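Notes follow once the structure below has been shown.
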Amino acid sequence: MKLKSFLSYFSSREKGLAVSILLPTHRTFPDNKQDAIMLKNLVTEARNRLQSWPDRQEAETIMEAIDKKISTHDHNYNLDGLGIFANREGVTLINFPFTVKEQMIVDEAFAIRDLIREINGAVHYRVLVISRTDARLIEGFNSHLVHEFDARTELRTGSFPMENPFLFAAKGLDRAQIPNEAANLKEFFNRVDKSLQEIQNKPEQERLPVIIAGDARNAAFFREVCDQPADIIGEVTSIPDLRIPAEKIIVEVQGLVSDHRRQKAETALQYIAQARNNHQLLTDSSMIFRAIDAGNAARLFVRQGYIQPGIIDFDQKIVTLQEDSVMVDAAGGTVTDDVVGTLIELVIRQGGEVHFLSADQLGKEASLSLQTRY
């Protein structure tokens, strides 16, 4: 699941007929039976909406592609949300590890604004569970389980879960007395790391932060043989039973997830300070928009939950902020209920970064600011 790459891809699509279908889903039976019904109803709604689309052939081609795509979707593998995004280039179906609002939108751009905020403000990570006997790999998103890797993820170096082929059975001996125990463990962990790195490097996957779950000795051994130790953001060595379900492993690592989120916020604040010292920090909405339009956007910093109605004049490069209750027609401008969301999309389209910080973390800093590239 390459969520951030998905955002960049769909933000950069050319204008044209774009169908976005989003619905909350369920992970377990029998609740997921209603997911198929809801999806069918939303697809019907899209088909009815497209009856009035000027290019009937284009609309029919897209709906046929959607029908073909969902006909092969297995709702038994649903997570917390489902998204279908279709245009003349094809159809993409994505399971989200967070709840989404039910909606069906036919427009000239994909409806991904809410997803941008959710994905960019989250911690997406993998948990490597290691012991002297075996290894598991679990993917998490904030406090939600995405999935646990199994043999369906085919790897050249061996799929998860992996068993240690070097175990030495010796009754009455502790680990320190077993011949070659440390060397055998390191060789096993080296094989585990090869499989981990294969997943981290897959084009369809994302290189994610890694949390190690296991005892301190094994965690130290793994760090010794790991090809990319910089990916490891910490270890949890207090889980008494590493065989517990993946959902419970995710609960056990939330302390480290919170620490990583705080570290990301601290890094963002350092970027803000650096930008201010270098005279590269903008806080005026119009100046921010002009910098983005000129390709001069390195990092956008946004207060969590900040939504601002306004008018964007794309010709004059001016942003006029409005009160919630004052939405007027704009001469030469585009009225939007969320100027901030538009700016976020534009930054992502150009390959810039977006950082979300809480009001407490920002302190006296502006709710919206931009670090320019130059």
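List the longest stretch of the chain that has no exposed loop site; here a site is one of the trypsin sites (Lys or Arg not before Pro) assigned by DSSP to anything other than H, G, I, E or B, with at most 12 other Cβ within 10 Å.
By the stated rule (loop sites, at most 12 other Cβ atoms within 10 Å), 244-363.
Multiplying the sequence separation of Asn190 and Gln304 by 0.36 nm and subtracting their Cα-Cα distance, what value in nm do you get?
Separation in residues times 0.36 nm, less the Cα-Cα distance, equals 37.0 nm.
What nm value, rounded to one decimal, do you get for the distance between Asp215 and Thr99 when each label is placed 7 Å out toward the C-beta?
So the two model labels end up 4.1 nm from each other.
So how far apart, in nm, are the two label points at Ala183 and Thr61 if each is 7 Å from Cα heading toward Cβ?
Taking the simple label geometry, Ala183 and Thr61 are separated by 6.4 nm.
With every protein chain kept in place and ligands, DNA and RNA left out, what is the accessible area per residue of the chain? Probe 1.4 Å, answer in Å².
On a per-residue basis, the chain sits at 50 Å².
Leaving ligands, DNA and RNA out of it, rank Asp193, Asp150 by accessible area with a 1.4 Å probe, largest first.
Asp150, Asp193
Report the FRET efficiency, 1/(1 + (r/R0)^6), for Thr153 and Ser286, where r is their Cβ-Cβ distance and R0 is 56 Å, rounded to 0.05.
Efficiency for this residue pair is about 0.70.
Estimate the FRET efficiency between Arg349 and Arg262 by the formula 1/(1 + (r/R0)^6), using the beta-carbon distance for r and 41 Å for R0, to the nearest 0.05.
E(calc), rounded to 0.05, equals 0.90.
Over the stretch 194-322, with every protein chain in place, what whole percent of the accessible area is carbon and sulfur at 1.4 Å, could you tell me?
Of all accessible area on the stretch 194-322, carbon and sulfur atoms account for 49 percent.
Can you tell me the length gained on complete extension of the stretch Ala230 to Ser52, counting 0.36 nm per residue apart and subtracting the Cα distance?
58.7 nm
Is it possible to state the helix-based mean residue ellipticity at 222 nm for the chain, with each DSSP H run of 4+ residues giving -39500 (n - 2.57), the sum divided by total residues, to the nearest 500 deg cm²/dmol? What is it?
-11500 deg cm²/dmol
Rounded to the nearest 5, what % of DSSP beta bridges with both residues in the stretch 251-374 are antiparallel?
If I count the DSSP bridges inside the stretch 251-374, around 75 percent turn out antiparallel.
Which whole-Hz ³J(HN,Hα) couplings does the stretch 153-161 yield from phi under the Karplus relation 6.51 cos²θ - 1.76 cosθ + 1.60, θ = phi - 60°, glycine and proline marked x?
Computed from phi, the couplings for the stretch 153-161 are 8, 6, 10, 5, 9, x, 7, 7, x Hz.
As an exercise, use a Förster radius of 41 Å and the Cβ-Cβ distance of Glu45 and Arg243 to find the FRET efficiency, rounded to the nearest 0.05.
With a Förster radius of 41 Å, E is 0.35.
What is the Å³ per residue value for the convex hull set by the Cα atoms of the chain?
Residue-normalised Cα hull volume stands at 171 Å³.
7 Å from Cα along Cα→Cβ at both Lys4 and Ala36: what's the point-to-point distance in nm?
Here the modelled spin labels are 3.7 nm apart.
So between Asp360 and Gln197, what do we pick up on full extension, going 0.36 nm a residue minus the alpha carbon distance?
Length gained, Asp360 through Gln197: 55.0 nm.
Could you work out the relative contact order of the chain? I mean the mean sequence separation of Cα pairs under 8 Å and 6+ apart, divided by the number of residues, in percent.
After rounding, I find 15 percent.
The values are calculated or read from the model by the stated rules, or taken from the named source; none is laboratory data. Bear in mind that the values here come from a model prediction, so they are computed numbers and not experimental data. So basically every Cβ, Gly included, is an ideal-geometry build from the backbone, and we count neighbours across all protein chains shown. Note: accessible area is taken over every heavy atom of the protein model, side chains too, but ligands, DNA and RNA are not part of it. Shrake-Rupley method; radii C 1.70, N 1.55, O 1.52, S 1.80 Å.
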